[in-house]
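Nothing in this text is a laboratory measurement; each read-out follows from the coordinates by a stated rule. Please read these numbers as outputs of a predicted model, since none were measured by experiment. Here Cβ is always computed from backbone atoms with ideal geometry, including for glycine, and neighbour counts include all displayed protein chains.
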Amino acid sequence: MRHLMSPMDFTVEELETLMDLANDIEKNPDRYSKVCEGKTLATCFYEPSTRTRLSFEAAMINLGGQVLGFASADSSSAAKGESVSDTIRVISCYANICAMRHPKEGAPLVASKKSLIPVINAGDGGHEHPTQTLTDLLTIRSLNGKIGNMTIGLCGDLKFGRTVHSLINALVRYEGIKFVLISPKELRVPDYIREDVLEKNNIPYKELERLEDAMPSLDILYMTRVQQERFFNEEEYLRMKGFYILDEDKMKLAKSDMLVLHPLPRVNEISVEVDDDPRAAYFKQAQYGVYIRMALILTLLELV
Amino acid sequence: MLNISGIHEGYVLDHIKAGQSMEIYHHLHLEDFSGTVAMIMNVESSKMGRKDIIKLECDLDAIDLDILGYIDHSITVNVIHKDKIVDKKILKLPKKIKNVIKCRNPRCITSIEQGLDQVFVLCDEDLKLYRCQYCEEKYSPKGK
């Protein structure tokens, strides 16, 4: 039995197979609409995350399966003090596969060690969010034709944004990747990403403060939200929040085939006027999130 | 002068920093050990000034000493067979450490989950870097 804790759990070849399956689902949804009949997905969300939870539920429903679960710790036995280990043992009796989000880092790993069913990490604190990374990779591969030989700009909160860290980790395994890291100095990538990942793998990268300076060289622009909950000081948050706003003027500086990605939800970092630009790929990205989760469920349930 | 007799079969852990032998006693789980244990503390040492020594009378496969590599790799481990030192074990950093150090990340699941082992995995041998198995936070000894 296999679980998914980190995007690095899959080799590049396994990721290719998974993304091939996701693309086949995209093209032939009817072929997959009943493959999970009689199977149940449990969504155990100890903290609210409507988007990820609904994406998992949509994925299972599209496969003909059923879903059950809880959407916050308050509505689970955790409120009564039940451990993650006990909860997953019980959930193993009710469902065939489990997607778990937990504010504590490593909670899905603890669950996977006691579970009788595959466990998918649906986000654990500031640690990992592997299905977001798989979504990002599928979006890039599907819309760009390949992953590799490209310059990727990561913009915004590069310090606390776990999606950015996971994506960098996953992308350094591909050929010809260059990064442009665009952030205010307060929100630059942590040292361990710069030293242990980028420099260790001899990955070319630049760190810039101005988005305008980066735009002309980028094949992909990955925008992120500045998360209010990471700041102790409201004033500091408001200053950082307004630091980058992608608008039509900045899009004019970009290549005609550059893709704009964003894990969503956005606040103000991408103006709504950019939504109609054919290079804006963030809503398609949400759709790819469902396809990759469908492929993942099928793979972990060994139905392919 | 206090004399402790030699052992026939087992290990002599020498050059332990004075006062550290109790810590090693716990990490090696010697409270559950079936063989004879002699702890000699605060012994004069020409090299260290003062040192501790632990003698373990046991079969050579009766105890896992890997954790000593993490605690202090300068400890000398003499292997005793038929009353003689037959080898000096070279201490390596263990790949995994269980219930020796604690994760200090307040966001780690180990901070709330009952009965969960504290497990650290060796990530970089040169830097002696361990990370928590659950949250992957680096372990830094106190004060560093």
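The C-alpha atoms of the stretch A:69-147 occupy a region whose extents along the principal axes are 48, 25, 20 Å, arranged from largest to smallest. Of all DSSP bridge pairs formed entirely within the stretch B:10-89, close to 100 percent run antiparallel.
For the stretch B:22-68, the list of trypsin sites (Lys or Arg not before Pro) that fall in a loop by DSSP and count at most 15 other C-beta atoms within 10 angstrom reads B:47. Considering only DSSP beta bridges where both residues belong to the protein assembly as shown, give the percentage that are antiparallel (nearest 5). Just about 50 percent of them are antiparallel. Between the listed residues A:155, A:87, A:294, the Cα displaced farthest toward the positive end of the dipole of the protein assembly as shown, a dipole computed from Cβ unit charges relative to the Cα centre, is found at A:87. Per the Cα gyration tensor, the stretch B:59-141 maps to an equivalent ellipsoid with semi-axes of 31, 14, 8 Å, ordered largest to smallest. Candidate cross-link partners of residue A:284 among the lysines, defined by an alpha-carbon separation under 16 Å and a same-chain spacing of 8 or more, comprise A:27. Its relative contact order, with pairs defined as Cα atoms under 8 Å and 6+ residues apart, puts the stretch B:2-130 at 25 percent.
Cβ-to-Cβ counts within 10 Å put B:70, B:11, B:25 in ascending order as B:25, B:70, B:11, the fewest first.
The relative contact order of chain A comes to 19 percent, based on Cα pairs under 8 Å that sit 6 or more residues apart.
Taking every C-alpha pair closer than 8 Å and separated by at least 6 residues, the mean separation divided by the residue count of the stretch A:195-304 gives a relative contact order of 27 percent.
Sorting the Cα pairs of the stretch A:1-122 by distance into bins of 5 Å, from 0 upward, gives 2, 11, 19, 23, 21, 14, 7, 3, 1, 0 percent per bin. Across the cross-link table entries A:39/A:114; A:178/B:102; A:146/B:138; A:113/B:98, which are compared at the Cα atoms, the separations over 26 Å belong to A:178/B:102; A:146/B:138. Reported value for chain B: 135 Å³ per residue, from the convex hull of its C-alpha atoms.
The angle separating the long axis of helix A:12-27 from the principal Cα axis of greatest extent in chain A is about 80 degrees. Per residue, the convex hull spanned by the alpha carbons of the stretch B:10-89 comes to 89 Å³. Hydrodynamic estimate: the Kirkwood radius of the stretch A:131-286 over Cα pairs, inserted into Stokes-Einstein at 4 °C and 1.567 mPa s, corresponds to D of 83 µm²/s. Per-residue ellipticity at 222 nm computed for chain A from its helices equals -10500 deg cm²/dmol, with DSSP H segments shorter than 4 residues left out and the rest contributing -39,500 (n - 2.57).
Under Stokes-Einstein, with the Kirkwood radius over Cα pairs as Rh, the value for the protein assembly as shown at 20 °C and 1.002 mPa s is 86 µm²/s.
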